[in-house]
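The values are calculated or read from the model by the stated rules, or taken from the named source; none is laboratory data. All values derive from a computational prediction rather than experimental measurement. Here Cβ is always computed from backbone atoms with ideal geometry, including for glycine, and neighbour counts include all displayed protein chains. For the accessible areas, the whole protein counts, side chains as well, though only heavy atoms, and no ligand, DNA or RNA atoms are used. Shrake-Rupley method; radii C 1.70, N 1.55, O 1.52, S 1.80 Å.
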Amino acid sequence: MTAPLDVSGEETKATPEAVLSGVGGPKAIQGRSLGQIAWMRLKKDKVALTGAGVVIFLVLVAIFAPLIVSWFGHPPNEFHQEMIDTMTMRPKGGSGISGDFLFGVEPQNGRDLFSRVVYGARISLLIAFFATLISVLIGTVMGVVAGYFGGWVDTIISRLMDIFLAFPILVFALALVGVLGQFETQLGVKGDSLRILLLIFVIGFFNWGYIARIIRGQTLSLREREFVDAARSLGARGPYILFREILPNLIAPILIYATLLVPANVLFEAALSFLGVGIQPPTATWGAMLSAATKYYTVPHFMIFPGMAIFITVLAFNLFGDGLRDALDPKSSR
Amino acid sequence: MVTYIIRRLIGALLMLAVVSMVTFSIFFVVPRLAGVTATDFANRYVGRAATQETVVAVANKLGLNDPVVVQYARWIKGIFVGAEYDYGAGVEHCPAPCFGYSFVTKNPVWPDLVDRMPVTLSLAAGASIIWLLAGVAVGVLSALKRGSIFDRTAMVIALSGVSLPPFFTGLIALSLFSYGLRITAPGGAYTPLTENPAEWAYSLILPWLTLAFLNAAAYARLTRAGMLETMGEDYIRTARAKGLRESTVITKHGLRAALTPIVTIFGLDVGILLGGAILTENVFSLPGLGKYATQAISTQDLPKIMGFTMLAAFFIVMANLIVDLLYAVVDPRVRLT
């Protein structure tokens, strides 16, 4: 026999403050939003913060490229033949690095490498950001629709995702940019702006599959959660549930995968430029500079500066993205 | 099991059909939408010095004015049964699989592709073995010695590895080892395996390492994550409790489960590589499929590009199919779906 439950006593209240006061000072319990918790975790992650710092720095460099170049460099397309040894076509003194030319000069025409790397950041980040935006928009809409509505809608969108994920993306992008780039008159846009638009569109369009798959999975599990049932039982309809109940819960994965897609797109753009279908010369891009460097193995600084620019950019975004994932979604494993 | 295989086969065929449509659209429909006319296309086939009448005649003869569906069907038919071409100098027969004739060299595309394949195969085979072994080994060791100096160094290198484009690492490697130290073959050197195996390996060692480094880094990260997860599972504790040796626990119980996703990704990566390691081949000027494709794109040689794209897609779809089927063998849960 167990003793009868004593219900006569006073109702005991949970007083977690009492526990806390035993441990430390008399701190009141505070309610914290998920965002605050994530921010606290992120603040402790030095590596991620460094990544974020570098990202901000790069964005500032891209935005203020003309100003920076006017202070520390020479116009990016200005030839400095006087810096070039006319016999070997290489910079005088090996690289031409000096207080005047911080990263030295290009072989053959002596353009200021520092200015070209700085201007390269503009093209690289511009294309990577907007391409990511397109992928995220398409991916989120497709993923949410597939996950929420299910049935034949889900089947069709999922097959479409599989197809996009299995495509030889680089090949198609190469072909598409190459083909469309030939039709300047018919498309009504010219030169750099045509190429930038094309690259943004092509890179963005081929990369939505991965995000869509993740968003679909998340939506599938969110749809079955109690708070969605609760909203539905209160009379909420499809659009309300989608935009007010499900979408806010998807912000974390969207943010994480968008951050991780940016470096992938930086690499993609650099690859296309390296292969000669990106932005055309004389506009400076990192990929095209590396492509030009293939002819000058004995001029290492010519490949190292643009290469390191790509590396630092991609690494910074990857570090920040990984940190963001750990902060927003600690359960997920790396 | 049989229905699963049949479903995957149908899926693969469907995928190829879609890829062929997309390829065809990129080259024939998208430019049309952008305002390119049939005679613009015909111009590419006849070369520069043709009169207006010949161009129009060729456009008609090649059926460039036909509805898009008819043109697509004709292209597909060429791939399966071959095609007859008449450019005015008599009828030429192009045997199946016919991807047409190059605009530039006037050679049929398919034999060219077959010629280039051994180079790409050599590159892909060597590199994939290196990166699989290195990546998995480093990943396992890192996971077992989590937090150690080895783990931290390896993961920093791996993170750098996935952030370094192969056209940068390849260039640096060439500059350093081939032109600086002169211990490896210069760019553009390639000796077929059948001619001289030692020379073959010598000419490919840098491309292999460059390509392998990129993927090894990604695989090390994946293997480490997988191993950390499986080694925390209950059945690992059970295996240890049974008194199994630690090496058996790691290899038979831990690694086996952690490797399944790696094998999947490996299959897909090799499939993509077989379709041309475009960047690596360009850095090292290797005469493989990838180099062929970029040359074709820079000269706007449509039949070559289309042939290459279909071949690359074919490899990817086949790799997908093989991985799906293998997965069903390895992982019994898959058979239910």
**Request:** Using only Cα atoms, tell me the angle between helix B:302-330 and the longest principal axis of chain B; keep it within 0 to 90° and round to the nearest 10.
**Result:** 30
**Message:** Please report the accessible area of residue B:248 (heavy atoms, 1.4 Å probe, ligands and nucleic acids excluded) in Å², nearest 10.
**Reply:** 30
**Complete:** Quick note, the range B:84-216: a/c under 1.5 would make it rounded; otherwise a/b > b/c is prolate and the rest oblate (a ≥ b ≥ c, C-alpha gyration tensor); here it is prolate
**Prompt:** Given charges of +1 on the Cβ of Lys and Arg and -1 on the Cβ of Asp and Glu, with all other atoms neutral, how large is the dipole of the range B:230-300 about its Cα centre, in debye to the nearest 20?
**Reply:** 380
**Fill in**
Measuring from its Cα centre, the range A:71-170 shows a charge dipole (+1 at each Lys and Arg Cβ, -1 at each Asp and Glu Cβ) which, in debye to the nearest 20, is 120
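What value, in deg cm²/dmol to 500, does the helix sum -39500 (n - 2.57) over DSSP H runs of n ≥ 4 give at 222 nm once divided by the residues of chain B?
Result for chain B: -22500 deg cm²/dmol, rounded to the nearest 500.
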**Request:** Please report the orientation-averaged projected area of chain B, defined via the convex hull of its C-alpha atoms, in nm².
**Result:** 22.9
**Request:** Hey, can you grab everything whose amide H is under 5 Å from the amide H of residue B:65? Only 5+ residues off in sequence or another chain; H modelled, so Pro and N-termini drop out.
**Result:** none
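Give the relative contact order (percent, whole number) for chain B; include only Cα pairs under 8 Å separated by 6+ residues.
Relative contact order, chain B: 22 percent.
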**Prompt:** What residue among B:68, B:19, B:317 shows peak mean-square fluctuation when chain B is described by a Gaussian network model with Cα springs under 10 Å?
**Reply:** B:68
**Prompt:** Does the range B:178-337 classify as rounded, prolate or oblate by the C-alpha gyration tensor (a ≥ b ≥ c root eigenvalues; a/c under 1.5 gives rounded; else a/b over b/c gives prolate, otherwise oblate)?
**Reply:** oblate
**Message:** If you fit an axis through the alpha-carbon atoms of helix B:289-298 and take the longest principal axis of the Cα set of chain B, what angle between them do you get, 0 to 90°, nearest 10?
**Reply:** 40
**Prompt:** Using alpha carbons only, how many degrees (0 to 90, rounded to 10) separate the axis of helix B:68-81 from the longest principal axis of chain B?
**Reply:** 70
**Complete:** Given unit charges at Cβ for Lys, Arg (+) and Asp, Glu (-), the dipole magnitude of the protein assembly as shown about its Cα centre in debye, nearest 20, is 1080
**Tensor-based shape of the protein assembly as shown (alpha-carbon gyration tensor, a/c under 1.5 rounded, otherwise prolate or oblate)** = prolate
**Prompt:** Where the accessible area of chain B is counted over protein heavy atoms with a 1.4 Å probe, how much of it, in %, is carbon and sulfur?
**Reply:** 67
**Prompt:** What FRET efficiency, computed as 1/(1 + (r/R0)^6) with R0 = 22 Å and r the Cβ-Cβ distance, is obtained for residue B:81 and residue B:57, rounded to the nearest 0.05?
**Reply:** 0.30
